[in-house]
Amino acid sequence: MLTEVVMAGFGGQGLMLIGKLLAEASMDEGKEVCWLPSYGPEMRGGTANCTVVVSDNPVASPVINKPRTLVAMNRPSLEKFGPKVRSGGLVLINSSLIDVNTGRDDVTEVLIAANEEAQKIGNDKAANMVILGAYIGIMEVCTLDSVIKWMEHQFEGKQKIIDLNRKALERGFELGKAAEVKV
């Protein structure tokens, strides 16, 4: 098994956090992992993305020119990284903030209204957790339980945040499973 994902959006949307959670959960399950964060110069509000590579074998480099998967949380990220996704890959689009698609017919697109789903749960800041849950539900890179474990560790002592994020991850996971996509 080898999978690469680029998670991209505005600084402040929590892309580094969900990339880190994916990496930690996968590593906890015995997989080889690389996590490479990349920040724009502005930090909050600027561009931010990270690449996560998960494999059963050692990973030589976290630099991926043609990722298997893109998680796009905003339109500039879709426009920048959408063309780079490998043919046959997956583009997971936050349809709350993106009103277009890739324009490609050689990739699978899944639209998740992450901000709306997070708002229904109680706070649209949990949109990153919704989209991570959807990614896990579709790609099955690691288990949802492992991601929840690491999220709880990240927010230790902040039960209200843990409860919100758990609900967001679970809702996203349901949406990902309902998409019935295999890449």
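From the residues in the stretch 150-161 that are hydrophobic (A, V, I, L, M, F, W, C) and more than 13 Å from Lys125 (Cα to Cα), which one is surrounded by the fewest Cβ atoms within 10 Å (Cβ to Cβ)? Can you show your working first?
Just the residues of the stretch 150-161 that are hydrophobic (A, V, I, L, M, F, W, C), to begin with: 150-151, 155, 161.
Subset that is more than 13 Å from Lys125 (Cα to Cα): 150-151, 155.
Details: Trp150: 20, Met151: 22, Phe155: 17.
That would be Phe155.
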Item checked: The listed residue being surrounded by fewer than 20 Cβ atoms within 10 Å (Cβ to Cβ) and either closer than 18 Å to Thr47 by Cα or free of Cβ contacts under 8 Å to residues at least 60 places away in the same chain (or both), out of Val130, Val100, Val71, Val91 -> Val100
Check: Which condition breaks for Glu79 when tested against (1) closer than 19 Å to Tyr39 by Cβ; (2) touching a helix residue (DSSP H, G or I) at 6+ places or on another chain (Cβ under 7 Å); (3) surrounded by fewer than 16 Cβ atoms within 10 Å (Cβ to Cβ); (4) of a type outside the set (A, V, I, L, M)?
Finding: (2)
Checklist line | Qualifying residues in the stretch 1-43 (those that are touching a Ser or Thr at 6+ places or on another chain (Cβ under 7 Å) and aliphatic (A, V, I, L, M)) - the one nearest to Val147 (Cα to Cα) | finding: Ala25
Checklist line | Subset of the stretch 61-89 [of a type in the set (A, V, I, L, M, F, W, C) and touching an Asp or Glu at 6+ places or on another chain (Cβ under 8 Å)] | finding: Ile64
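Listed here are the residues, each with its yes/no results for (1) aliphatic (A, V, I, L, M); (2) under 22 Å from Gly133 (Cβ atoms).
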{"residue": "Pro37", "(1), (2)": "no, yes"}
{"residue": "Cys50", "(1), (2)": "no, yes"}
{"residue": "Ile64", "(1), (2)": "yes, no"}
{"residue": "Arg68", "(1), (2)": "no, yes"}
{"residue": "Ala72", "(1), (2)": "yes, yes"}
{"residue": "Arg86", "(1), (2)": "no, no"}
Margin query: Scan the stretch 162-174 and tell me whether some residue there is touching a residue at least 60 places away in the same chain (Cβ under 8 Å) and in contact with a Gly (Cβ under 9 Å, 6 or more places away or on another chain).
Written below: yes
Check: Does Glu140 count as of a type in the set (Asp, Glu), within 18 Å of the chain's Cα centre (by Cα) and under 17 Å from Ala179 (Cβ atoms)?
Finding: yes
Notebook entry, point to check: Hey, Lys66 hits all of (1) closer than 17 Å to Leu15 by Cβ; (2) without any contact (Cβ under 8 Å) to a residue 40 or more places away in the chain but one; which does it fall short on?
Noted result: (1)
Checklist line | Given (1) touching a helix residue (DSSP H, G or I) at 6+ places or on another chain (Cβ under 6 Å); (2) closer than 24 Å to Glu4 by Cβ; (3) of a type outside the set (S, T, N, Q); (4) crowded, with 17+ Cβ neighbours inside 10 Å, number of the condition Lys177 does not satisfy | finding: (4)
Notebook entry, point to check: Across the stretch 143-183, what is the number of residues that are of a type in the set (A, V, I, L, M) and modelled with pLDDT under 95?
Noted result: 5
Item checked: Subset of the stretch 144-182 (residues that are closer than 18 Å to Val71 by Cβ and outside any helix (DSSP H, G or I)) -> Ala179, Val181, Lys182
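The values are calculated or read from the model by the stated rules, or taken from the named source; none is laboratory data. In this text the structure is predicted, and so the values were computed from the model without any measurement. So basically every Cβ, Gly included, is an ideal-geometry build from the backbone, and we count neighbours across all protein chains shown.
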